[in-house]
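J.: Mind looking over this structure? Questions follow.
The values are calculated or read from the model by the stated rules, or taken from the named source; none is laboratory data. Every value quoted in this text rests on a predicted model; they were computed, and no experiment measured them. Glycine also receives a Cβ, built like all others from the backbone with ideal geometry; neighbour counts cover every protein chain displayed.
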Amino acid sequence: MKTLSMVGYGYWGPNLLRVLNSMKQVKVKYVCDLDEKRIKDAKEKYPDYIYTKNADAVFEDKEVDAVILATPIEMHYPLAMKAMEMGKDVFIEKPITGSSEDAVKLIKFAKEKKRIVMTGHTFVFSPPVRKMREIVKSGELGEIFFITSSRVNLGIHRKSISVIWDLAPHDLSIIYYLIDEEPIEISASGRDSIIKGVPDVAFISLKFPSKIVANIELSWLAPTKMRRTVVVGSKKMLIYDDSDPVDKIKVYDKGIEMKDPETFGEYQLTYRTGDMYAPRIDTAEPLKIEMESFLDAVETRISPPSDGEFGLRVVKTIEIADKKLYASL
Ligand SMILES: NC(=O)c1ccc[n+]([C@@H]2O[C@H](COP(=O)([O-])OP(=O)(O)OC[C@H]3O[C@@H](n4cnc5c(N)ncnc54)[C@H](O)[C@@H]3O)[C@@H](O)[C@H]2O)c1
C-alpha cells in the first residue's frame, strides 16, 4: 500500500482528498495547508489524518511515497521540486507550472532521479473524452480535418490572469489527448472587454503537422454556459457536449463526397446526412480514474497519460497564445 499526502486544501483539494479517502489501496497520512480555516474544515471531515502548515514536514517523512499538490500555480514548481528532492513522486494540479522553463526543469530533474510527475488534466481521465479518443483513433471519423472547442460562461472574472490561463488548459489537454500532436503554428487574439488589461475573451488557432487545424473559443462573457468540442472528419463528425446530462457524445454520419469532375472544373458534391448515434459512456468519476492512474504510475513506475511532458506541451502553448492575446489588445 502506498502512502500519499495532500498539500493545498482550498477549492480543488477537497475533491481530490474525497476520492483518495475512498480508495482502499491508499493510505493518506498528511493534509497540509497554510490556512488555519482550511485545516479546521478538513479536520472536521477527516479527523484521522495529520494536519500541518509546513509542507517540508510532509516531504521529510520517509513513509510518504507521493504527494498531491493542489496549491496555486506559483507554488507548483517550488513545492514539486522540494518534494522530488526528498524522494517523492508528485501529482501536480494543472497547469503544471506558471512557465515552460520551470516545467522543463521539473521534468529534467524527475528523469534524472526517476520520479513520477503527473499533471492533473482531469479531462484526460473523463469517460466522454476517453470515448472520443477511442472513436478518433479507430478511424471511424476518417481523416480528421479540424476541431473546434468552446468553453464560455458568464464569469468568474479573474484579476491576475487572462481567460487563456484560466480556461485553455482544459481544451488544450482534450485536443492533445485526442490527436497526440504538438502544434506548429499558434495564434490568438481577444479583448479586455470589462477590466482594462485583463483579457476576458480569446480565440486560439492551432495548426498541427498532420494539417489538422483547431480553434478554441474562451470567454468569461457569454449568455449561457457552453463546453463543447466538435471533431470534423472526412467520414463522420462528432460533438462532445459536456453540458448535456444524457448524451454527451453524438456521432453524426454526415459528410460531403466529391466525385471526380467529368470535365475540367465541374465538381459534383453530394451531401450525406445519415444517422446519428450516442455511444454508451462509462459513469465512472474522472477524478477517481485520475487518482487511480497516479497510483498505478507510482506502483509500476510507468509514466501516466498526463505526465510532465504532456503538462509542458499545454503550458508551452498557453505561453505563446497568451503573449499573442496581449499583443492583440
Ligand atoms: N483539474 C481541475 O479541473 C481543476 C479545477 C480547479 C482548480 N484546479 C487547480 O488546482 C490548483 C489549486 O486551485 P484552487 O482553486 O483550489 O486554489 P485555492 O487558492 O482555492 O487553494 C489553494 C490552497 O493552497 C494553499 N497553499 C498555498 N500555498 C501553500 C503552501 N506553500 N503550503 C500549503 N498550502 C498552501 C492555500 O492556503 C489554499 O488553501 C490550481 O493549480 C488550479 O489550477 C484544477
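J.: Would you point out which residue out of VAL163, VAL129 is farther than 21 Å from GLU319 by Cα and under 16 Å from the mean Cα position of the chain (by Cα)?
T.: None of the other options fit; the residue is VAL129.
J.: Quick one: which of LYS137, LYS111, LYS196 is more than 16 Å from the ligand (Cβ to nearest atom), outside any loop (DSSP other than H, G, I, E, B) and farther than 20 Å from MET237 by Cα?
T.: Every option except LYS111 fails the conditions.
J.: While we're on this one: Can you give me the ranges of the strands (runs of 3 or more DSSP E) entirely in region 216-296 with at least 1 residues that are at pLDDT 95 or above, of a type in the set (Phe, Trp, Tyr) and touching a helix residue (DSSP H, G or I) at 6+ places or on another chain (Cβ under 8 Å)?
T.: 237-241
J.: In the list ILE135, ILE175, ILE164, which residue meets the criterion of being of a type in the set (A, V, I, L, M, F, W, C), surrounded by fewer than 21 Cβ atoms within 10 Å (Cβ to Cβ) and in contact with a Leu (Cβ under 9 Å, 6 or more places away or on another chain)?
T.: ILE135
J.: Among LYS105, LYS113, LYS211, which is the only one that is over 30 Å from LYS82 (Cα atoms), at pLDDT 95 or above and of a type outside the set (Asp, Glu)?
T.: The match here is LYS211.
J.: The conditions are (1) over 30 Å from ASP89 (Cα atoms); (2) touching a residue at least 24 places away in the same chain (Cβ under 8 Å), and ARG272 fails exactly one of them. Which is it?
T.: (2)
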